[in-house]
1. Under the rule of -39500 (n - 2.57) per DSSP H run of 4 or more residues, summed and divided by the residues of the protein assembly as shown, what mean residue ellipticity at 222 nm is obtained, to the nearest 500 deg cm²/dmol?
2. Averaged over A:353-364, how many beta carbons belonging to a partner chain fall within 10 Å of each residue's beta carbon?
3. Could you tell me what percent of the DSSP beta bridges with both partners in the protein assembly as shown are antiparallel, to the nearest 5?
4. Would you tally the net charge around A:Ile235, using a Cβ to Cβ cut-off of less than 9 Å, leaving A:Ile235 out, and scoring K and R as +1, D and E as -1?
5. Does anyone have the angle between helix A:252-276 and the longest principal axis of chain A? Alpha-carbon axes, 0 to 90°, nearest 10?
6. What is the ratio of the Cα radius of gyration of the protein assembly as shown to 2.2 N^0.38 Å, where N is its residue count, to two decimals?
7. I'd like to compare A:345-357, B:79-91, A:494-506, B:35-47: which one has the highest average count of other Cβ atoms within 10 Å, and what's the full order after that?
8. Using a cut-off of 10 Å between beta-carbons, work out the net charge of the residues near B:Glu199 (Lys and Arg +1, Asp and Glu -1, B:Glu199 not included).
Amino acid sequence: MRIRNFTLLLLILGLFFILPFVHAQGATEAQNIAEGKKVYDNSCAHCHGIEGRGDGSAAENLLPQPRDFTRGLYKIRSTESGQLPTDQDLFDIITEGMPGSSMPEWETALDADERWQVVAYIKTFYEGFKESETLPKEISLKGKIPYSKESIEIGKELYTQFACYECHGDEGRGDGTSAPTLTDEWDYKSWPANLHQNWNYRGGNDIDDIYKRFVGGIAGSAMPMFEDPAFGLSIEEAQRYTQLDNKGEMTDAEEEEYTQLEDKMANAFDILDLINAGEGDEEQKKFYEESMKTFYEKSWHLANYVKSLSPEKRPEAAIGKNSLRSQYVEDELPPMDDAVWDTLEESYFPLVGQVIIEPRQFNPTIDSVSVKSFYNDTEVAFLFIWDDRTHNTAEEENEDIGKTYEDAIAIQFPVKIPKGPTSPKPYFLWGGKLAVYLWQWQASAPEKTTELTAKGINNATEQEFQGDIETESAYSKGQYKLWVKRALETDDKKDLQLKPGVFVPIAFSLWDGANGDVGTKRVISSWYSFVLEPVPSVKRFIYPPIVALLSLGLLIGLRGFMQRRNTE
Amino acid sequence: MKKPSLFTICFAIFIVCWVFLRFFVGGVISKPIPNSVIAMYMALVFIAILVHISVEDTRFREFLRPIHETLVDENRQTRRLVFAVLIPLLMLGFTYTNIAKKANPPGDPRTVHPTPPDNLTYKDIVLGTMDEAENPHRHLEKDDPEAYKSHVENGRTVYYQNCFYCHGDHLDGKGHFADALNPLPANFQDPGVLPNFSESFFFWRISKGGPGMPAAGTPWNSAMPIWENYLTQDEIWDVILFLSDYTGYKPRTFGEGH
């Protein structure tokens, strides 16, 4: 009896809590939209346009372009392919923004109510939101496969089976052979993601996020909803199939096995067609469901593999304790392909578009350059590594991307090292009144580094006396490597002179020819600094023991003093 | 329970003060405090303790008693040995880490308030002295709110076509280009930025950009473009109106209310 009373009380209380919300939601939908319009016009319209067409005043220079809400095509959804996003999806995108694009997070600028109001408002731009009576079907995360070495291995094979490499490249740097041909629904150039830089994934880089992109696709982009090329085969069978497929000659038994697997697949695709057409008997439905389960399993493995390609988080910029420190070696400096380079940690220099002087680059494609360095008593060697999806060695007309230019990099130093933090440096963009000293490398001459002196971005001259800069370089799988070696000190007054222990300003300019980079249109960094890390001094073995002995002596002395005073 | 000795109490106070500064003030309440500042406060605590124990002769002796005992008493042999090993070892470790520490690059000094020139100019046109030059559209706020609004809207367009890459959608200095820049772009949502400077100051900073700053403003580091090359005078004044309209902070004015 008592318990029943209690339950009743809870129910009534619960109703009290729930009712106002139910009521509020229904009655204020129109109000929400009106409020949402105010927020939208103030915060969103300059990119997405007053009428939601993605044509705001700022849109012109943005790539990816701001979403056109009137088409109802949304890239980042938790729903299945071809479906509209859920309200929560829209809310999440507004809240978190889209990394790697100009859509920022709005969590700090708008409160949750305002963000929900904007969701209500942007849905009014597309009729489809009203018409759809059933809720969009969300992608289930059931059967998630934990992140493990084994799963990554399976995912790696699936990466090949699913032909991900065609766009994303063999190692995933977005450098696949189809990469240059890709455009989005709106005919804008769109590059496949570099899977080694997951901080730029528009829809987040959790394994769940990646999985949803596979199963739901990225609408409007070239990223398709997944289709299993080995539909109906288990993971082991699919592995076996590829194995046999790659074999030059098969034995009779193998031949038979191969044909069986092919038949199984053909059968599976037939059933898939039947199911998609709304037909198929019980048994076929069951088979379809089993095969889909395998397909989801495969997608999880693949998501784990893709996750494994990037570092855990974006590396920290080479500032302060992360500064580039050239390490001392006694012997010859290692050449470019020496394994000893792998023992050094990379210093990470993030880059941005040059938007200071016309022509400008508003949509950079190079994220960063990583640098390592060794030096010995007479020379210093640097290894510069950066990702670029295409290898461009000349100015030419490309049928897919239009005019392309040569890829290049320039490493910038001051001619004279500033003595202290307050003494002037040259202007960070290729100098001004004070000159900078540059090493310029261009993809057309892979074994040559040119020394330049510049007093402004449009005022660079090749040095008359070209010093001896040994150069090696390579382009492979979407990545450039450039190795240069120079003497620490030279006779040329226009060169930078290096000494261990002195912090030297360093800055970068890079050009991705396929992105139209040429001349002032480029990606740049501001000033950083690097040092030839001094060999640790032997003092560190001498002074500490002396100090320790001294303090022991002091203790003994103090004791003696106290004892003497006691006896007195 | 035995009452703790004066030495233990003083020692405990010292440690508590340090923990309070290092982890509570510089962690819970605000950002970590530099070691030099902590050292300054700890020196004060140390002097206070010294004063406290040295006002009376007996108190001083009471304070020294445990030290004295540890050093001399026959039945404190073990404790003495532990200290004789521990203290030199600590000193050894301390000196080693100090010597072996890697040098960090010199930090860049940055003046928050670089000194503007005497005259405000746009290209070569002199617009008046820095104190007198005014935003020609500011008076519309009172005189013609509709016209004022259209100037703010124009400023908004200018801002999102040119500035938001670095200064951000929210005007908070966190644009999508910001993380590769050093110094970071100005944050207009910081209450210390707009109210502290006049509109003519902002006009100067926008029109002349990084290269126009005096040497103390480390003009060689700033990525701020010289906007007079791209924007008209009106556009610059309008974008300043937009900054203050969007954030709700008003640039300071000279002479008002005096």
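1. -12000 deg cm²/dmol
2. Per residue, the number of nearby Cβ atoms from other chains is 3 on average.
3. 90 percent
4. -3
5. In chain A, helix A:252-276 runs at an angle near 60 degrees to the longest axis.
6. In units of the globular-protein estimate, the protein assembly as shown measures up at 1.20.
7. A:345-357, A:494-506, B:79-91, B:35-47
8. +2
The values are calculated or read from the model by the stated rules, or taken from the named source; none is laboratory data. Everything numeric in this text was worked out from a predicted model, so none of it was measured. Virtual Cβ from ideal backbone geometry, glycine too; neighbours counted across all protein chains shown. Surface areas here come from the heavy atoms of the whole protein model, side chains and all, with no ligands, DNA or RNA. Shrake-Rupley method; radii C 1.70, N 1.55, O 1.52, S 1.80 Å.
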